[in-house]
Structures are given as C-alpha cells and as structure tokens.
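Here the structure comes first, spelled out in structure tokens, and everything after it is commentary.
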Amino acid sequence: MGRKSKYSAAFKLIIIREAETSGIIRTSKKYSLADHTIRTWKLIYKYQGIQGLEPMRSNNTYSSEYKASLVEEYQKSDENTEKFAIQHMLRSLYPTKTMYYFMV
C-alpha cells in the first residue's frame, strides 16, 4: 500500500521561494502551514534538492548494521536530529526506538 502526500514537490518549492521573499511567518499564515514545516522543507531542499521534496511512495527499510552506523555517526556529530536525518536522506526526523536501542 502506497503513501499519499498532502503536498506536491512543486507546491513545496513555491512555498519555499515565497518564504524566502516574504518571510516564513507571513507565508505560513497565508497558507495555514506551521512555520516549522516550511523550515523543514527548506532544509530538505538545501540538502536533497527537489527529489527530497517528492512524496515517498513506500517506507524504506534499513539493516541493523546501517542503523548502528548512523547512530555511531550521530553520536560523533554535533548536528541536531532533524538536520542529521535530512543530510542522510532519512524521512523520519526524530529518533526511533531502534536508535535508542543502538545508543545503549
């Protein structure tokens, strides 16, 4: 079963560009979006380009080894979880139970 995105990549790009000229707060109010959503889209676009804004059609699965390597890399970095996830092309922006399992 596929996933359905609420917004297209084209719409997200329009919002990003408008936020750059009009400001995030004004744009978020105009389109009834959370300002955090726009900031997240901007980060995704910065690190992943237009492909990162495209809707995902299915969930990704990762091996235990890959998850462990990401946790190790995250612990050595000074990035927040959101930026780290975006830079590594992960859609989940928040730590999961699996991450905590590997961090112990």
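Of the chymotrypsin sites (Phe, Trp or Tyr not before Pro) in segment 24-74, the ones in a loop by DSSP (not H, G, I, E or B) with at most 13 other beta carbons within 10 Å are 62. Qualifying GluC sites (Glu not before Pro) in segment 1-80, where qualification requires a DSSP coil assignment and no more than 14 other C-beta atoms within 10 Å, comprise 79. Note on residue 7/residue 67: beta-carbon distance plugged into 1/(1 + (r/R0)^6) with R0 of 35 Å gives a FRET efficiency of 0.80. Normalising the average separation of contacting C-alpha pairs (under 8 angstrom, six or more residues apart) by the number of residues puts the relative contact order of segment 9-53 at 41 percent.
Values quoted throughout were computed directly from the atomic coordinates according to the rules given, and no laboratory measurement underlies them. A quick note: this is a predicted structure, and the numbers were derived from the prediction, not measured. Backbone-built Cβ (ideal geometry, glycine too); neighbour counts: all protein chains shown.
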